[in-house]
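Notes to accompany the following structure.
The values are calculated or read from the model by the stated rules, or taken from the named source; none is laboratory data. In this text the structure is predicted, and so the values were computed from the model without any measurement. Backbone-built Cβ (ideal geometry, glycine too); neighbour counts: all protein chains shown. Heads up: the accessible areas ignore ligands, DNA and RNA and are worked out on the full protein's heavy atoms, side chains in. Shrake-Rupley method; radii C 1.70, N 1.55, O 1.52, S 1.80 Å.
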Amino acid sequence: MDDGRLHDRRGDDGRGDDGRRGEGHHGPHGEERRDGGRHGEGRRDGGRSRVAVAGASGLVGGALARSLTADGHEVVRLVRHEPRGADEVRWDPENGRVDTAGLAGCDAVVNLAGAGVGDHRWTDAYKTRIRSSRVHGTTALAEAVAAMERPPRVFVNGSAVGFYGETGDRAVDESAPAGEGFLPGLCVEWEEAAAPARKAGVRTVFVRTGLVVARRGGAWGRLFPLFRAGLGGRLGDGSQYWSFVALHDEVAAIRHLLDRDDLSGPFNLTAPRPVTNREVTVAMGRVLHRPTPFPVPAPVLRAVLGEMAGDVLGSARVLPARLLESGFRFAFPEIDGAIRAAL
């Protein structure tokens, strides 16, 4: 029974990932939106939805919140400070506390919170923080959702293409098993932490996101300044596959999954044709009209990034099979278009 109090649950740090939408996705009256969504999305009856978002201060979470708000839906942001308005709900992922009274009436809960994987060198302490911010925070939210008298109809939980680990030239989709290493193990635990919501009968979706192409934030937010300055180049030998997704398509895909009551389980949020790092380098130079003369050798990356260099140099050729099968259409399926949309 949801008594409206903060439920004590074990947890940890929770942040999410910001951006805008490009052209190509139209609403029911033909309007183009630049925030990743379509007019009228949300509840299947076309009514106004109430959606809780954890990680709304970050890249994807911020873009999703703006998209939903622009279309007239009510967004409730989960925050760790004292709520400053009716659109904020207190949660304490470090101690597993969620104000379920603030979640009452929500049609959906979207969890995109987590410490940035690329924000710091992977020390043992920071790897612990990455893990706890995702696993414990997800457990807290999933248990809170399961405890509600009237839970939301869908729980969308973040994940990543890191689930598959190193794939080399081999293309994988959602049917592939988890890989080996820190990131695959993290993704497995991250998804398993949502079990309380699923077992309570809440439709549960995992969004395995690729490298989000955005002007600010994420990996591409670091690449753009370098390439604009003419200092960009391939990383290592450049043969590793990067499974990218335009921020516009990332947000549109999440909204597609929110709206479709028949979809659950894992979905790869990546463009249909992954490209190599060498192809990314050429495309960045072509779109930005800059030379790309400075390759970064693998030994230098390992010296600078430590264990995280394995992720940068690793190859993940991931395909969005289930998303395409569900009828979703990418506005920016090619790397040049994704880069231009971010500018």
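Just a few scattered comments:
- In loop segments of segment 139-231 as defined by DSSP, the GluC sites (Glu not before Pro) with at most 12 further C-beta atoms inside 10 Å of their C-beta are Glu149, Glu180.
- The slack in the chain from Arg260 to Tyr126, taken as 0.36 nm per residue of separation less the alpha-carbon distance, amounts to 44.6 nm.
- Between Arg84 and Leu343, the contour length at 0.36 nm per residue exceeds the Cα-Cα span by 90.0 nm.
- Using the average count of surrounding beta-carbon atoms within 10 Å as a protection proxy, the listed peptides 75-81, 248-254, 132-138, 209-215 rank, highest first, as 248-254, 132-138, 209-215, 75-81.
- Surface composition of segment 128-172: carbon and sulfur make up 48 percent of the accessible area, probe 1.4 Å.
- Ordered by 1.4 Å accessible area with all protein chains kept, Arg322, Arg228 run largest first as Arg228, Arg322.
- 5 angstrom amide H check on Phe206, placed H, neighbours 5+ away: Asn157, Gly265, Phe267
- Between segment 149-218 and segment 221-282, the alpha-carbon center distance in angstrom: 15
- Nonlocal amide H pairs with Arg90, under 5 Å, H built at 1.01 Å: Val79, Asp99
- Using 0.36 nm per residue and subtracting the Cα-Cα separation, the extra length available between Arg286 and Asn95 on full extension is 64.0 nm.
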